[in-house]
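The values are calculated or read from the model by the stated rules, or taken from the named source; none is laboratory data. Remember, predicted model here, so these are calculated numbers, not experimental data. All Cβ positions, even for glycine, are placed from backbone atoms using ideal geometry, and neighbour counts span all protein chains on display. Areas reflect the complete protein model, heavy atoms only, side chains present, ligands, DNA and RNA absent. Shrake-Rupley method; radii C 1.70, N 1.55, O 1.52, S 1.80 Å.
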Amino acid sequence: APWRPALLLLLSPLPAGGRQPTFSTTCARCSKNRRLRQKRAISERQLTRYFVDHRKVRVVGGQGGGGGHSFYSEPRKIFGGPDGGNGGDGGHVILKADQQTKSLSSVLPFYQGFHGEKGGRKNCYGANGAYVYVKVPVGTLVKEDGKVVADLTQHGEEYVAAYGGAGGKGNRFFLSNENRAPTLFTPGEPGQEKVLHLELKTTAHAGLVGFPNAGKSSLLRAISSAKPAVAAYPFTTLNPHVGIVHYQDYEQVAVADIPGLIKGAHQNRGLGMAFLRHIERCRFLLYVVDLSVSQPWIQLQDLKYELEQYKKGLSERPCVVIGNKIDLAQSRINLPLLKEQIDDRVIALSALTGDNLEELLLHLRELYDTFVKTEQSRGQSPVKW
């Protein structure tokens with residue numbers, strides 16, 4: 001019965017001092033040994049929903065503080081003159097590239113800088129409003145009215161998205177020989193207001209490029225700890241995944257799994273333009289070709305054509321051709337035919353069984369070392385993960 005805990009409390013012996021306890025120790029609701037609630041585990045398919053590569057953001061700078069309006073007065077100095085200080089400037093809204101941020105999902109749709117404080121008496125200036133920093137991933141494009149205004153490609157790079165308003169002038173500012181007792185003061189100016197479009201281009205060292213069901217996701221699972229979805233139907237991967245390949249000398253190479261392309265991708269067919277821009281930031285490309293289909297070299301020609309139509313010179317970047325599914329009988333027949341048709345290096349492997357993955361990892365490191373030396377010779381620091 002609900003009255004039993006209260007009855008037990010009344011019948012229990014009183015503690016020292018004769019005071020009754022303020023809570024019931026027999027009530028289950030008051031027990032302190034309850035288990036903490038565990039967070040529900042999120043599957044890989046649910047995690048892919050949180051990858052955001054587009055975001056519309058409205059940014060407003062902080063408003064400047066108003067100028068002060070006061071006159072100095074004390075005993076023996078009644079007419080001390082104006083002493084209203086200037087108001088503080090409003091805070092800026094700043095976009096900052098952060099290497100630890102990998103998606104635009106944490107970016108809110110609205111940001112506003114802090115307002116400046118009002119000017120005080122005795123010529124005291126108001127404090128400036130604090131800046132608001134918005135962390136965005138490395139490789140974020142900032143567009144305003146369709147024009148690119150910033151390209152954040154380095155860690156720590158900043159862009160002032162909206163400037164704060166200037167602080168108002170106090171009546172002390174208007175003191176002159178003609179006007180010894182000014183009463184004029186100005187309010188703070190409003191902050192700058194903009195509507196920006198943020199677009200993320202995945203910055204990875206290598207990009208896996210291929211048609212749907214070529215085995216790109218399975219290959220990324222085999223060489224890294226990434227776990228993109230794998231299934232027997234096309235367009236399994238709807239969002240880019242980035243896997244990190246670790247080497248014994250603690251170097252890390254980022255490999256991006258780009259969703260499958262089809263013919264006419266440069267005309268926005270299939271997933272088209274939405275993911276061709278992710279390939280644009282990759283330093284070298286890994287073409288994944290399904291060896292089990294007839295004439296697999298046609299796949300490579302179509303892939304290079306789509307990349308070239310999207311951006312001239314994109315298909316000429318350092319690359320290697322990966323012939324996947326070598327564990328199938330038809331693939332072993334098509335492998336020598338593929339090598340005869342193309343001039344690029346071909347690495348035959350099986351992402352399912354793990355055959356010949358060592359050759360790919362070694363060649364991937366060679367491409368990475370060449371990229372690092374090229375960047376250092378230009379005086380630039382290579383992208384690190």
> Out of region 54-106, which residues are modelled with pLDDT under 90, assigned to a loop (DSSP other than H, G, I, E, B) and closer than 27 Å to E199 by Cβ?
Replying inline: Q99, Q100, T101, K102, S103
>> Suppose we filter region 209-224 for residues that are out of contact with any strand residue (DSSP E or B) (no Cβ under 8 Å at 6 or more places or on another chain) and either crowded, with 24+ Cβ neighbours inside 10 Å or not assigned by the TED database to the domain that holds E280 (or both); how many remain?
In response: 0
> Yes or no: L220 at pLDDT 85 or above, over 30 Å from R172 (Cα atoms) and assigned to a helix (DSSP H, G or I)?
Replying inline: yes
>> Can you confirm whether F114 is at pLDDT below 90 and farther than 21 Å from G156 by Cβ?
In response: no
> Of the residues K325, K339, K304, K312, which is in the same structural domain as D257 (by the TED database), in contact (Cβ under 8 Å) with a residue 40 or more places away in the chain and among the basic types (K, R)?
Replying inline: K325
> Which members of region 157-208 meet the condition of being open to solvent by 10 Å² or more (accessible area, probe 1.4 Å), over 37 Å from the mean Cα position of the chain (by Cα) and in contact (Cβ under 8 Å) with a residue 12 or more places away in the chain?
Replying inline: K169, R172, F173, F174, L175, R180, A181, T183, L184, F185, T186, P187
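Going through Q341, Q299, Q309 one at a time, which residue ends up being of a type in the set (S, T, N, Q) and crowded, with 20+ Cβ neighbours inside 10 Å?
On the way: Q341 fails: crowded, with 20+ Cβ neighbours inside 10 Å; Q309 fails: crowded, with 20+ Cβ neighbours inside 10 Å.
Criteria check complete, one pass: Q299.
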> Which of the residues spanning region 70-99 are open to solvent by less than 10 Å² (accessible area, probe 1.4 Å) and either touching a Leu at 6+ places or on another chain (Cβ under 8 Å) or free of Cβ contacts under 8 Å to residues at least 40 places away in the same chain (or both)?
Replying inline: P82, L95, A97
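Do we have Y125 as hydroxyl-bearing (S, T, Y), under 36 Å from the mean Cα position of the chain (by Cα) and surrounded by 15 or more Cβ atoms within 10 Å (Cβ to Cβ) here? If you could, list the steps in order and put the result at the bottom.
Values: hydroxyl-bearing (S, T, Y): yes; under 36 Å from the mean Cα position of the chain (by Cα): no; surrounded by 15 or more Cβ atoms within 10 Å (Cβ to Cβ): yes.
No.
From the set of residues in region 350-359 that are at negative phi and touching a residue at least 60 places away in the same chain (Cβ under 8 Å), which is surrounded by the most Cβ atoms within 10 Å (Cβ to Cβ)? Spell out the reasoning first.
Going residue by residue through region 350-359, those that are at negative phi are 350-353, 355, 357-359.
Of the ones still in play, those that are also touching a residue at least 60 places away in the same chain (Cβ under 8 Å) are 351-352, 357.
Values: A351: 25, L352: 17, L357: 16.
Per the stated criteria, the residue is A351.
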>> If the requirement is being surrounded by 13 or more Cβ atoms within 10 Å (Cβ to Cβ) and closer than 27 Å to L276 by Cα, which of these qualifies: L362, L314, L328?
In response: L314
